[in-house]
Structure formats: C-alpha cells, structure tokens
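The values are calculated or read from the model by the stated rules, or taken from the named source; none is laboratory data. Predicted model only: the values in this text are computed from it and were never measured. With ideal geometry, Cβ positions are generated from the backbone for all residues, glycine too; neighbour counts draw on all protein chains shown. Ligands, DNA and RNA are stripped out before the accessible areas are found, and what is left, the full protein with its side chains, is counted by its heavy atoms. Shrake-Rupley method; radii C 1.70, N 1.55, O 1.52, S 1.80 Å.
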Amino acid sequence: MRSKVADTDAARAGARDELVLADRTLPSRLLLGSGGFTSFELLAQAVTASGTALVTVALRRIDPQARGSLLDVLEGLGVAVLPNTAGCYTARDAVSTARLGREALQTDWVKLEVIGDEQTLLPDATELLLAAEQLVADGFVVLPYTTDDPILARRLEDVGCAAVMPLGSPIGSGMGIVNPYNIALICEHAGVPVVLDAGVGTASDAALAMELGCSAVLCASAISRAEDPVAMAEAIAAAVHAGRLARLAGRIPRRLHATASSPFDGMPDLG
Amino acid sequence: MIYVNGSEQPDAANVVALLERLGIGAQARGVAVALDGEVLPRSQWPSVPLAPGTRVEVVGAIQGG
C-alpha cells in the first residue's frame with residue numbers, strides 16, 4: 001500500500017525525486033541537526049558527506065566572547081538554515097523564539113519544538129498545536145516535531161503546518177522507530193510531507209522510516225555522536241536513498257507461509 | 001540600569017549603542033533582539049530608546065536540533 005504522499009512527491013519532483021517542502025525543492029531527503037558536533041570542521045565534513053540541503057540551528061543568548069561563525073560555515077557549504085525552538089515548554093515561548101529566529105536568520109521557516117519535560121523531551125501536544133496555529137497565522141512555514149500520534153499529525157496538518165515530523169523514539173535515544181505502525185498510519189493519511197524526526201540510531205532506522213512512507217528523515221545525534229560522524233553521515237544518507245527507492249519499488253507483502261521462487265513443474269525424476 | 005541577557009548593565013541609548021558596547025556590533029549577521037519579551041526588528045534598533053529597567057535579550061544561532 002503506497003501513501004499518496006510518496007506518490008505525489010515523486011510526481012511533483014519528477015525523475016530526480018527531490019523533496020518538495022512548502023515552496024522549496026530540496027535535492028536530499030536527509031535533513032541534518034547541527035547539534036552535538038564537537039567542532040565546526042566536523043560539522044562541515046558531516047554536512048558534505050550527508051548531502052543535506054537543510055540544517056537546523058538553535059537560538060540562544062549571544063556570548064560576545066565566544067562568538068563563532070556557525071552561519072558562515074553553513075553558508076559556505078551552500079545549505080539552508082532552519083531555526084528551531086528547542087528548549088521551549090510553552091506555546092508562548094515557542095512563538096517568541098520562532099520570531100527571534102525569523103529576525104536573526106531572515107527565514108520564515110521554523111522547526112517547531114514544544115517539549116513537555118526534560119527527561120523524555122517528548123512534545124507537549126496541546127502547547128504544540130496552539131503554537132503551530134499561531135505561527136501559521138503569523139506567516140511561518142511550520143515544521144512541527146510531534147509525537148507519533150496519527151490524530152495529532154492530522155490536527156497539525158489541519159491548522160496549516162507544511163509538514164509533520166513525528167518522532168521514531170525520544171530525542172537522542174537512538175532507539176529507532178518504536179511504533180512503525182503509527183508512522184505508517186501517519187504517512188498513509190498525510191497530505192503534507194512526513195519527516196521522521198528523532199530516535200534514529202543507525203542507518204537501518206533511517207531506511208525503515210523511508211520504507212514506511214516518510215518523505216524525509218531528520219537526524220542529529222545519530223550522526224554527530226557516532227564514533228565516526230562523517231562515515232555515519234554517509235551511511236545514513238545512503239540508507240535514506242535506499243529506503244526511498246524501496247518504498248517506490250513496492251515491497252512484497254509479508255506472508256506466514258513460504259512462496260517458492262522456483263517452479264515445481266518440470267522437476268526431474270531422480271528416484 | 002537595563003538587564004541584558006539576564007545581567008545588569010549600564011543604560012544604553014538604543015540597541016545599536018548597546019551592541020557596539022558589547023563588541024557584537026549592529027552590523028552582525030544572525031542576531032536578533034527582544035525588548036521585554038517582544039522582538040524588535042533590526043530596522044528599529046537605532047530609533048527605539050531603551051528605557052531604564054528594560055529586559056533586553058540578544059540571541060544568535062548556535063549548534064542545535
């Protein structure tokens with residue numbers, strides 16, 4: 001069963017099979033979080049190895065002494081920057097942070113995160129929906145980090161989000177996709193791209209996300225905290241591509257019993 | 001006194017003057033400013049006076065997400 005999203009995406013992007021997100025066409029279906037890299041150099045190498053075209057950043061108080069050139073690094077790599085609202089617990093804070101991001105980075109795109117507590121970093125559904133509604137009304141292209149709840153995903157789409165970004169498992173947990181049935185349900189019903197966000201631990205998790213019908217995968221820790229982040233960036237990029245191809249190819253159904261691939265007719269009598 | 005990123009600072013005439021004093025500079029890319037919780041667009045940095053007691057937040061992009 002193919003999702004309408006996968007098919008619409010493929011049709012719109014044509015033979016190159018690019019990701020269409022709001023008004024942008026992206027050459028890669030892997031989005032990268034910039035958190036956790038131990039140096040700008042490593043981040044730059046991982047960005048290149050991943051082939052990504054969109055990289056998230058967070059907004060924090062500026063330390064005049066410790067100002068680096070993160071934006072220069074990302075600009076030099078030719079990737080677009082996606083500000084997030086990480087660390088916000090309320091719709092009010094998330095909306096304010098999104099506005100700061102828009103002002104600082106001159107983009108109306110925002111990765112909306114509204115978390116419920118520090119231990120799980122799970123989204124707070126009611127605050128998230130409220131913030132999404134306000135930001136859409138304020139002209140933002142809202143990409144919400146959400147739970148793997150198909151109903152909430154639908155509500156986020158209904159209020160005008162440009163994508164839905166369900167978690168596979170909690171941020172940084174590396175537990176992969178703990179409820180693939182929910183991710184498949186979200187993909188089946190979504191009219192906007194579904195981006196698997198959070199939980200990827202290794203390449204196979206990213207491939208599974210794509211096979212389930214996601215349009216893209218967003219990874220941070222799985223790459224930045226791997227033993228060799230650059231090699232993992234390449235591995236996950238390959239997995240996203242492989243998973244996407246497999247999705248479009250259409251997998252065989254799972255069956256309880258074997259189905260022979262060699263015919264039984266014409267067997268020689270060797271008795 | 002004004003409060004800049006949570007610390008007390010001497011008054012400043014406006015955001016441009018404050019950013020110059022902090023060594024950030026008003027031309028710095030990737031910077032946003034909020035006064036008492038409301039974003040102040042860059043175009044208004046030179047014109048809006050900073051009243052004593054104002055809470056000023058100066059933010060920029062860092063690695064994250």
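Averaged over its residues, segment B:1-57 has an accessible area of 50 Å² per residue, based on protein heavy atoms and a 1.4 Å probe. Burial here means at least 40 square angstrom less accessible surface with every protein chain in place than with the chain by itself, probed at 1.4 Å; in segment B:38-65 the buried residues are B:V39, B:V59, B:G60, B:A61, B:I62, B:Q63, B:G64, B:G65.
Mean Kyte-Doolittle of at least 0.0 and a Cα length of 20 Å or more along the axis: which whole DSSP H helices of chain A meet both? Write out the running numbers ahead of the final one.
Working: long enough: A:91-105 (21 Å, -0.23); A:229-249 (29 Å, 1.00).
Flagged H segments are A:229-249.
Reducing segment B:6-65 and segment A:219-258 to their Cα centroids gives an inter-centroid distance of 44 Å. Alpha-carbon geometry of segment A:19-83: the Rg and the Dmax are 12.4, 39 Å, given in that order.
Heavy-atom accessible area buried between chains B and A is around 2200 Å² (1.4 Å probe, both sides summed).
Could you grab the relative contact order for segment A:124-271? Cα pairs under 8 Å, six or more apart, rounded to a whole percent. Can you show the working numbers first?
Working: 241 pairs, mean separation 24.5, N = 148.
RCO, segment A:124-271: 17 percent.
Please work out the FRET efficiency for the pair A:R24 and A:I252, using the Cβ-Cβ distance as r and a Förster radius of 35 Å; give the result to the nearest 0.05. About 0.50, to the nearest 0.05. Spherically averaged projected area of the convex hull of Cα atoms, chain B: 4.5 nm². Annotation for A:D108 and A:T120: the two label points, set 7 Å from Cα along the Cα-Cβ direction, are 3.4 nm apart.
Near A:L26, the amide H atoms lying under 5 Å from its own belong to A:L19, A:V20, A:L21; only residues 5 or more places off or on other chains count, and H is placed 1.01 Å from N.
Histogrammed with a bin width of 5 Å, the alpha carbon distances of segment A:119-228 distribute as 2, 14, 25, 23, 18, 11, 5, 1, 0 percent, first bin at zero. Dividing the Cα radius of gyration of the protein assembly as shown by its Kirkwood radius returns 1.07 for Rg/Rh.
Roughly what % antiparallel, to the nearest 5, for the DSSP beta bridges in segment A:66-199? Numbers along the way, then the final one.
Values: 1 of 9 bridges.
Of those bridges, close to 10 percent are antiparallel.
Each Cα pair under 8 Å and six or more residues apart adds its sequence gap; the mean of these over the residue count of chain A is a relative contact order of 19 percent.
On a per residue basis, segment A:115-271 carries 50 Å² of accessible surface, using protein heavy atoms and a 1.4 Å probe. With both partners inside the protein assembly as shown, how many of the DSSP beta bridges are antiparallel, as a percent to the nearest 5? In the protein assembly as shown, approximately 50 percent of DSSP beta bridges are antiparallel ones. Kirkwood radius, segment A:204-271, all distinct C-alpha pairs, inverse of mean reciprocal distance: 14.8 Å.
When the accessible area of the protein assembly as shown is computed with all protein chains present and a 1.4 Å probe, what percentage of it is carbon and sulfur? Carbon with sulfur: 53 percent of the solvent-accessible area. Distant-in-sequence amide contacts of A:L82, defined by a placed amide H-H separation under 5 Å and a gap of 5 or more residues or a different chain, comprise A:V55, A:T56, A:V57.
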